[in-house]
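Only one structure is covered here, and it is reproduced in the block below.
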Amino acid sequence: MRVTFAGVGEAFDETVPNTSLLVHSGGSSVLLDCGFTAACAFWGMADNPLALDAVYISHFHGDHYFGLPALLVRSIEEGRTKRLTILGPSGIESRVTRLMEMAYSNAMARAQFGIFFVECDPGQDFRHAGFRFRFAMTNHAMPCQAIRLDDQKTSLFYSGDGQSTADTLALASGSDLVVHESYTLEPEHVGHGSVTASVDFARKAGAKACALVHLQRTVRRERKAVIRARANGVTDMKVLLPEPGDIHIL
Ligand SMILES: [Zn+2]
């Protein structure tokens with residue numbers, strides 16, 4: 001499995017795109033979250049953007065799904081013909097349909113591809129595009145589902161937004177890479193993760209590596225050296241503070 005960090009930022013960071021991961025395995029690819037500023041970043045980093053199999057939306061905050069109109073309309077302009085699957089929480093189809101209507105009404109009438117919507121719930125366990133998909137609820141300001149993707153050999157956990165829960169820890173158990181929302185350095189905000197909590201979570205999950213994403217913009221700007229030093233001091237697993245475009249092979 002290959003993970004490309006298309007974006008690593010929080011909602012409104014002017015320096016890095018919204019957190020979004022492009023995951024490849026075999027000939028398949030899935031994009032995890034697609035916020036306002038993530039769609040164009042995806043286009044710049046994907047080897048073959050028109051081959052994308054699926055987009056997973058963790059929750060309905062704009063920095064996690066308002067990039068879909070840009071992704072879809074550019075796909076139309078560039079002649080996509082392959083069906084695209086969009087997975088997300090209950091209501092994903094009506095949300096995306098309304099979003100497209102507001103952003104580019106009637107654009108989908110020109111599309112030469114269909115969209116297949118899948119509503120995801122905790123406890124579901126299914127295979128799609130060569131990946132095994134599973135989910136668990138985080139603790140966030142609105143319902144958010146962390147996701148675990150497994151291919152034949154390796155596994156990735158991505159938190160979406162929010163603090164970990166007993167369910168997300170169970171989901172992440174034994175995964176190769178935990179990518180976790182880490183809004184602040186220490187736990188400060190109910191409903192958000194932190195650097196300290198993410199490293200602790202990944203260690204408890206027995207992960208081989210932990211990537212810290214979605215840092216609050218001033219924390220990322222002013223505390224990056226502290227976080228890197230702390231990451232380098234962890235000896236029992238690899239701790240990453242990825243930059244946009246970084247690739248991690250599992
Ligand atoms: Zn959120």
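Assorted remarks:
- Cβ-placed point charges (K, R +1; D, E -1), dipole of segment 185-250 about Cα centre in debye, nearest 20: 120
- For residue 128, residues with placed amide H under 5 Å, excluding near neighbours: 133
- Taking the protein heavy atoms of the chain in the context of the full set of protein chains, the accessible area attributed to carbon and sulfur is 50 percent at 1.4 Å.
- Net charge contributed by nearby residues that have their C-beta within less than 11 Å of residue 20 (K/R +1, D/E -1): -2
- Relative to the longest principal axis of the Cα atoms of the chain, the long axis of helix 92-104 lies at roughly 70 degrees.
- Sum of -39500 (n - 2.57) over DSSP H runs of 4+, divided by residues of the chain (222 nm, nearest 500): -8000 deg cm²/dmol
- Max-minus-min Cα coordinates of segment 210-250 on each principal axis give 29, 24, 12 Å, with the largest extent listed first.
- Highest-fluctuation residue, 166, 136, 209 considered, GNM on the chain with Cα pairs under 10 Å: 166
- Order of exposure, largest accessible area first, which applies to 247, 115 with probe 1.4 Å: 247, 115
- Within straight-line reach of residue 82, meaning a Cα separation under 15 Å, sit the following aspartates and glutamates at least 8 residues removed in sequence or on another chain: 53.
- Applying a DSSP loop filter and a limit of 12 other Cβ atoms within 10 Å to the trypsin sites (Lys or Arg not before Pro) in segment 121-192 leaves 153.
- Column: log10 I(q)/I(0), Debye, Cα scatterers of segment 1-128, q = 0.12, 0.13, 0.23 Å⁻¹: -0.41, -0.48, -1.59
- Dimensions of segment 2-249 from C-alpha coordinates, computed as largest minus smallest value along each principal axis and given longest first, are 53, 37, 32 Å.
- For the chain, the solvent-accessible area of protein heavy atoms averages 42 Å² per residue (probe radius 1.4 Å; ligands and nucleic acids excluded).
- Where chymotrypsin sites (Phe, Trp or Tyr not before Pro) fall in DSSP loop in segment 1-97, at most 14 other Cβ within 10 Å: 12
- Straight-distance crosslink candidates among lysines, where the alpha carbon sits under 16 Å from residue 153 and sequence neighbours closer than 8 are dropped: 208
- Taking Cα atoms only, the orientation of helix 217-232 departs from the longest principal axis of the chain by about 50 degrees.
- Distant-in-sequence amide contacts of residue 215, defined by a placed amide H-H separation under 5 Å and a gap of 5 or more residues or a different chain, comprise 10, 182.
- Cα centre as origin, Lys/Arg/Asp/Glu Cβ charges: the chain dipole, Debye: 420
- For residue 151, net neighbour charge (Lys/Arg +1, Asp/Glu -1) across residues whose Cβ lies under 12 Å away: +3
- Helix 195-205 axis, angle to the chain major axis (alpha carbon atoms, nearest 10°): 90
The values are calculated or read from the model by the stated rules, or taken from the named source; none is laboratory data. Note that this is a predicted model, so its numbers are computed, not measured. No Cβ is skipped: glycine too gets one built from the backbone with ideal geometry, and neighbour counts run over all protein chains shown. Heads up: the accessible areas ignore ligands, DNA and RNA and are worked out on the full protein's heavy atoms, side chains in. Shrake-Rupley method; radii C 1.70, N 1.55, O 1.52, S 1.80 Å.
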